[in-house]
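Presented below is the structure to which this report refers.
We did not get these values from a lab; they are worked out from the coordinates using the rules stated. Nothing here was measured: the structure is a model prediction, and the numbers come from that model. For neighbour counting, all protein chains shown are included, and Cβ atoms are generated from backbone atoms with ideal geometry for every residue, glycine included.
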């Protein structure tokens, strides 16, 4: 961010009214007072003017430091008129690495789903069994979620990124080994897929923690969007490219090899990213989060968290299910695997463009809640309309509906994640983010299993149609709408992190 951005903020000594008067409240009160410099009800600093500038360590030699109420130090300009928080260009290196890892881990996830029929022929099995490569990947996320929260809470984004890179590296080459045995070893390929799935939460849940640590309030939504939405972009690449890499069963090993090489190249820079900026980049990044047990208890008692996390998990789950099963949804109506891959790419690429437009706007306006309440009904209506799209046997209907669905869904993700941090602050961003993503992966796996069970038999018209699964999808998607409409009426919608200056 070039130039200075000045924000004036008043310290606030009041504890968020959502916290009950127990040990969590006492701990949060101490943290809140420490972060604002408020001791014994009297502010040590009555008014602080903050400026955010690009800076490098060498540029900070002329600055002085002052101690805050919590014992940390921040850079202070020589004229004494304001506290200057510096952002560092190296933050883009870490963000780029998060983007690369989220791309390859999602590409790995859909490697075989994009060519489900061809992969089934290669492994001498059925598409329903191939679905378990996707389902097992999603369930692995849930298994690794507690370790992800602990890693991000204690070790920060760098440790999480390195952990994910190691699992992605090992998992990809084990998958390749499974395709090179004679006969092909589906179990070994599944084991490699699960290892990659265990690595996904460490990078998918990291963007909010990373943006909170490295970015100012003016750029957090955009930073979270860039890193988070790289994940479905990787899925789009897999759906679009893999059908061309494996046009017949014998090409599955080479397809797996190419993906493994790309994943390896993307993972190696992880070991060189810095752990944290030399100085805090904003007042919010300078605060101390509550302990992990207190964090979980506080979130469990926050109705706003549940009203937002439930729709988030449902829609992430259906996106995962739809991405995994899109080929099997469309091919009974005469569409090819290539057509299905293009449809999946439309879903994701239109969504990415929409998010690229909406995220900077939300960064400036902070209109989180109105945006959420607008996007969620659009998503529900899109799932309803998609029930009839495959039956048209024309590419136009699936493409248009998937484009609208992608635009609303992808724009919603970073806004929901950043607003979640605001309404649960000063709880650290890693816990809420990981819980939401884990819920989405768990429901995604469940939805895949249920949708496969709802698939029609060979005697249906057309054979193996998944129309019942699409009806189930639309009904459940509609149940999430009342939760978001209740936001603002139930629970608190105060922006806690922005309330202390960012």
Using a Förster radius of 51 Å, what is the FRET efficiency between residue 191 and residue 361 based on their Cβ-Cβ separation? Nearest 0.05, please. 0.70
Given the peptides 198-205, 370-377, arrange them by the average over their residues of other C-beta atoms within 10 Å, most packed first. 198-205, 370-377
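Which three numbers, in whole Å and largest first, are the semi-axes of the equivalent ellipsoid of region 326-380 derived from its Cα gyration tensor as √(5λ)? Mind dumping the intermediate values first?
Details: eigenvalues 206, 35, 5 Å².
Over the Cα atoms of region 326-380, the semi-axes work out to 32, 13, 5 Å.
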Return P(r) of region 291-502 (all Cα-Cα pairs; 5 Å bins starting at 0; whole %; ordered from short to long distances). 1, 7, 15, 18, 19, 14, 10, 7, 5, 3, 1, 0, 0
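Considering every pair of different Cα atoms, what Kirkwood radius, in Å, is found for region 345-451? Don't jump to the answer; show the numbers that get you there.
Numbers: mean 1/r = 0.0657 Å⁻¹.
Evaluated on region 345-451, it is 15.2 Å.
Based on the mean of other Cβ atoms within 10 Å per residue, sort peptides 472-480, 105-113 so the most packed one is first.
Details: 472-480: 18.4, 105-113: 28.2.
Final packing ranking: 105-113, 472-480.
Please list 415-423, 462-470 highest first by mean number of surrounding beta-carbon atoms within 10 Å per residue.
Working: 415-423: 24.9, 462-470: 18.3.
For the peptides 415-423, 462-470, the packing ranking is 415-423, 462-470.
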When the chain is fully extended, how far beyond the present Cα-Cα distance does residue 489 get from residue 182, taking 0.36 nm per residue of separation? 104.4 nm
Taking max minus min of the Cα coordinates of region 155-267 on each principal axis, largest first, gives extents in Å of 54, 29, 19
Size of region 87-171 along its principal axes in angstrom, Cα-based, largest extent first? 52, 27, 18
Within region 422-458, the residues whose backbone N lies under 20 Å from a label point placed 7 Å from the Cα of residue 143 along the Cα-to-Cβ direction are 434-450
Hey, rough spin-label estimate for residue 378 and residue 276, points 7 angstrom out along Cα→Cβ, what's it come to in nanometres? 3.8
Just grab the label-to-label distance for residue 479 and residue 464, each label 7 Å out from Cα along the Cβ direction, in nm (one decimal). 2.9
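With a ≥ b ≥ c the root eigenvalues of the C-alpha gyration tensor of region 408-462, is it rounded (a/c under 1.5), prolate (a/b larger than b/c) or oblate?
Values: a/c = 6.90, a/b = 2.79, b/c = 2.47.
Prolate, because a/c is 1.5 or more and a/b exceeds b/c.
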